[in-house]
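Undergrad: First the structure, then my questions, so here it is.
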Amino acid sequence: MPRNQSTAYAVPAPAARKIFSRTGGTPRGPITRLMSPSDLGQYLKPFVFLDMVDAPSSITASDNLHPHSGIATVTVLTEGNLRFDMGKWGTGRLDHGGVEWMRAGSGIWHGGEYRPDTASHFKGFQLWVALPAALEASEPEWQFIESKDMPAVGPARLIVGSYQGKMSPVRAFDGLNYLLVTLAPGEAWTYETPAGHDVGWLSLSHGSLLGDGRYDAGELLAFDRSDAAIPLLAGPEGATFVLGSAVLHPHDLVLGYYSVHTSEEALKAGEARIAEVRHLYT
């Protein structure tokens, strides 16, 4: 069966949670597009876009300025490191367990915040999250938080949200969790899904997970709509993956080229704001 084909697979007992879709995405050079607002993002909203990047650090030496509105972007690394220098928003190192949270809100331009650090190569994920209607026209905001300041919950770093009595320092909105998990070879771990988080998925960066079959690095698994627990078992290489859960975004996705909004009116306002503030970033 082709790797990109959507189907249902049982995850390890005792959970009833099943895999709604399994995909290896679309490679585009060093970037693999795993989810877009026009495909799995419709099912997994507020999670609407996911890229996995596996690249030499030198690609960050050139700026790639582009705009966003109506979303937040979340960047985590699973291998290597990069330097960030964004003035009032922060200066430091992004490596495994740290996060860049950029709330585009009403409209922002970005693309030049990173430069190579000590690692010659990095790997990681960039996620887009559709903002609630009350925040899609909010003032833009950045947060850069180094790994030393991120809470750990067992084998997981809590990137966004709250879980098992811990809370991420990221100023996100309620009903959204995002974790970076590292399991040793053969290690079992269960994500106890918060009540009401009936959107759930994970994507593997390294190693494998075992269930009714084997799930490998580079794959995204979208779970069925349920807030059942998600038991996971690492393969013989161990496993590193990101996992997201959330309350379902209640709006249809209205799409621009770099933007996601809850209505045509909000999209027009976001695109107008992007054009208005371009001179501030170029």
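The values are calculated or read from the model by the stated rules, or taken from the named source; none is laboratory data. Here the structure is a predicted model, which means the values were calculated and not measured. Neighbour counts are summed over all protein chains in view; Cβ atoms, including those assigned to glycine, are modelled from backbone coordinates with ideal geometry. Protein only, heavy atoms only, side chains kept; ligands, DNA and RNA dropped before computing areas. Shrake-Rupley method; radii C 1.70, N 1.55, O 1.52, S 1.80 Å.
Undergrad: Only one residue in 161, 154, 207, 186 is farther than 23 Å from residue 94 by Cβ and open to solvent by 10 Å² or more (accessible area, probe 1.4 Å), so which one is that?
TA: Step by step, each of 161, 154, 207, 186 is checked, and only 186 is farther than 23 Å from residue 94 by Cβ and open to solvent by 10 Å² or more (accessible area, probe 1.4 Å).
Undergrad: Any residue in the range 257-276 that is of a type in the set (Phe, Trp, Tyr) and assigned to a loop (DSSP other than H, G, I, E, B)?
TA: Within the range 257-276, one or more residues are of a type in the set (Phe, Trp, Tyr) and assigned to a loop (DSSP other than H, G, I, E, B).
Undergrad: Provide a single number: the residues in the range 42-62 that are closer than 16 Å to residue 124 by Cα and in contact with a helix residue (DSSP H, G or I) (Cβ under 9 Å, 6 or more places away or on another chain).
TA: 3
Undergrad: So, one more: If you scan the range 53-76, which residues turn out to be under 17 Å from residue 94 (Cα atoms), among the hydrophobic types (A, V, I, L, M, F, W, C) and open to solvent by 20 Å² or more (accessible area, probe 1.4 Å)?
TA: Once the filter is applied, which keeps residues that are under 17 Å from residue 94 (Cα atoms), among the hydrophobic types (A, V, I, L, M, F, W, C) and open to solvent by 20 Å² or more (accessible area, probe 1.4 Å), the range 53-76 yields 53, 59, 61.
Undergrad: Let me ask something else about it. I'm trying to understand the selection: among the residues of the range 92-146, which are of a type in the set (Val, Ile, Thr) and within 25 Å of residue 202 (Cα to Cα)?
TA: 99, 129, 145
Undergrad: Quick one: what pairs do we get from the range 140-161, first residue assigned to a strand (DSSP E or B), second surrounded by fewer than 17 Cβ atoms within 10 Å (Cβ to Cβ) and of a type in the set (D, E, K, R), C-beta under 8 Å, 6+ apart or different chains?
TA: Pairs that qualify, where the first residue is assigned to a strand (DSSP E or B) and the partner is surrounded by fewer than 17 Cβ atoms within 10 Å (Cβ to Cβ) and of a type in the set (D, E, K, R), are 141/171; 143/171; 152/166; 153/166; 158/166.
Undergrad: Restricted to the range 77-130, and to residues that are acidic (Asp, Glu) and open to solvent by less than 20 Å² (accessible area, probe 1.4 Å), which residue is farthest from the chain's Cα centre (by Cα)?
TA: The extreme case among them is 113.
Undergrad: Which residues, counting only those in the range 231-242, are touching a residue at least 60 places away in the same chain (Cβ under 8 Å) and either among the charged types (D, E, K, R) or surrounded by fewer than 23 Cβ atoms within 10 Å (Cβ to Cβ) (or both)?
TA: 231, 233, 240
Undergrad: Which one is least open to solvent (accessible area, probe 1.4 Å) among residues in the range 189-204 that are farther than 20 Å from residue 129 by Cα and assigned to a strand (DSSP E or B)?
TA: 191
Undergrad: Applying the selection to the range 257-282, what residues are open to solvent by less than 20 Å² (accessible area, probe 1.4 Å) and within 22 Å of residue 52 (Cα to Cα)?
TA: The answer is 259, 260.
Undergrad: Looking only at the range 58-110, count how many residues are part of a strand (DSSP E or B) and among the hydroxyl-bearing types (Ser, Thr, Tyr).
TA: 5
Undergrad: Kindly provide the set of residues from the range 210-227 that are closer than 15 Å to residue 239 by Cβ, in contact with a Ser or Thr (Cβ under 9 Å, 6 or more places away or on another chain) and surrounded by 17 or more Cβ atoms within 10 Å (Cβ to Cβ), ordered by number.
TA: Matches in the range 210-227: 215, 217, 218, 219, 220, 221.
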